[in-house]
Protein chains: 2
Amino acid sequence: MDTPEISSGAQKVLDAAQELFAEEGFASVSVAAIADKAQVSKANIYHHFESKDKLYSAVLKAACSASAEMITMNAGQNDNYADQLSHFAKSHVLHLTDNPLISSLVIRGLLEESSNIDSPTNDLTANDFDCNFNRLVTLIKAGQEAGQLKKQCHPAAFATLMIGANILFMKARNVLGEVPDNEYPLDPEDFASTMIDILLHGVLTDQQEDNLL
Amino acid sequence: MDTPEISSGAQKVLDAAQELFAEEGFASVSVAAIADKAQVSKANIYHHFESKDKLYSAVLKAACSASAEMITMNAGQNDNYADQLSHFAKSHVLHLTDNPLISSLVIRGLLEESSNIDSPTNDLTANDFDCNFNRLVTLIKAGQEAGQLKKQCHPAAFATLMIGANILFMKARNVLGEVPDNEYPLDPEDFASTMIDILLHGVLTDQQEDNLL
DNA sequence: ATGCAAACTGAACGTTCGGTCAGCCGGTAT
DNA sequence: ATACCGGCTGACCGAACGTTCAGTTTGCAT
């Protein structure tokens, strides 16, 4: 489409901007700081990008396309929906933890209100998020129609559970060190399988389940 | 303790600052904008607060204490842990949706890196978050010891699921309008009960559960 | 060698930022 | 009346901001 043929110099700027924007947000990062990090002059940034806003959009666009690319290779098309959900959860949480910069940018774009930045920026992250979210929703619906997942499970609520948990896991790993006397599962794969176990089978003991009938 | 007797003028400033900081973040909001919104002069803000950083800390401190106060009235001490979890989920999600400003501030403080703002600020939100998180964790452990919740359920992972889902629900309600042909559950209480149903019983059909044995 | 466009820069622009200061109010104790 | 003090303000400051521009360097086609 409209790939504006990123030069090597522009790429240095993009990389530096990505890191800084992901870590501190749009408003906290000055163009001078980006220039410093990229080891170019401030004016050079304006040679490649027409404004700070447009640079941010470019960073976000790159992050979103990288994000989409990484999650596309999911597939695994088998007819066991428990496996498919498990696979989705694992690859999603690994995507978040392996690419914290990209993920932080997308999440930041999602959670920030419409703000001052022009609308295309917001639509970008929203679309990227919807993409993952909707793929999970359709996966659940398919599982329901195959009779493997409960009909009364609201697909969007389930997707919110899984994706919300993964995001919190990724963002709060550093903050949650001090859970009392029970170590937090720091390994993403461990977390994903623990989470999937809960989501598939619930947390009630069998005895409690029986009492309900 | 050290309640610095907030005057009515200072309260106007705090209210305006809370709203703006919650909506746009620390760096995006200028002291002049806060003064405009509070209908006071910029110098007046510096009469009540010694710097923008300190004002932000004050706003965050107020938000955290309001948050703690609101969730403390949970209790309900009954011996049915399914009910207790359900009650926790409902009051938590209602707290988030009813007080979006306070919640946004705490979440923002949590998700932002150590940043430039002095450390007490970060500790503040982290403590508030830990408070909720740990209360949920101990609730789950109690349920496990009572034999009502599965022993292999990792308490911290469960807490991450529930709290992460609630946060995403609250923050993404406006973004998630377009889930295809299945309306998103916009009512917080509906969402909480749907979520709890999944967490307690899992999403696998009974027939699928039997196949695993 | 010459030309030319693109990559790049130092220095400056006007604006906005966080923060300061001298001074004006209105009440209140002397 | 006077002194005083907290609440409050307009005018101002230096620094940092995003942005521009004239001009230099680089690389490549001729």
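Things worth noting here:
- Under the condition of being assigned to a helix (DSSP H, G or I), modelled with pLDDT of 90 or more, more than 7 Å from chain A (Cβ to nearest Cβ) and open to solvent by 20 Å² or more (accessible area, probe 1.4 Å), the residues counted in the range B:151-187 number 1.
- Test: residue in the range A:33-49 that is at pLDDT 90 or above, within 16 Å of DNA strand D (Cβ to nearest atom) and within 12 Å of chain B (Cβ to nearest Cβ): yes
- Filtering the range A:195-210 to residues that are of a type in the set (A, V, I, L, M) and at the interface with chain B (Cβ under 7 Å from one of its Cβ atoms) leaves A:M195, A:I198, A:L199, A:L200, A:V203, A:L204.
- Between A:S67, A:S86, A:S30, A:S91, the distinction of being within 14 Å of chain B (Cβ to nearest Cβ), away from DNA strand D (no atom under 16 Å from the Cβ) and of a type in the set (G, A, S) belongs to A:S86 only.
- Every residue from the range A:15-67 that is of a type outside the set (A, V, I, L, M, F, W, C) and not in a helix (DSSP H, G or I): A:G25, A:S28, A:S30, A:Q39, A:S41, A:E50, A:S51
- The C-beta contact set for the range A:66-94 (first residue closer than 16 Å to A:Q144 by Cα and small (G, A, S), second residue modelled with pLDDT of 90 or more and open to solvent by less than 60 Å² (accessible area, probe 1.4 Å), distance under 6 angstrom, 6+ apart or interchain) comprises A:A82/A:L200; A:S86/A:I196.
- Close pairs (9 angstrom Cβ cut-off, 6 or more residues apart or separate chains): facing another protein chain (nearest Cβ under 10 Å) in the range A:122-148, of a type in the set (K, R) anywhere: A:T125/A:R108; A:Q144/A:K150; A:Q144/A:K151
- Any chance A:D190 is at pLDDT 80 or above and more than 7 Å from chain B (Cβ to nearest Cβ): yes
- Unique residue being over 30 Å from A:V93 (Cβ atoms) and surrounded by 18 or more Cβ atoms within 10 Å (Cβ to Cβ) when the list is A:A38, A:A33, A:A62: A:A38
The values are calculated or read from the model by the stated rules, or taken from the named source; none is laboratory data. These numbers come from a predicted model, not from an experiment. Positions of Cβ are backbone-derived with ideal geometry, glycine not excepted, and every protein chain shown enters the neighbour counts. What goes into the accessible areas is simple: the full protein's heavy atoms, side chains included, and nothing from ligands, DNA or RNA. Shrake-Rupley method; radii C 1.70, N 1.55, O 1.52, S 1.80 Å.
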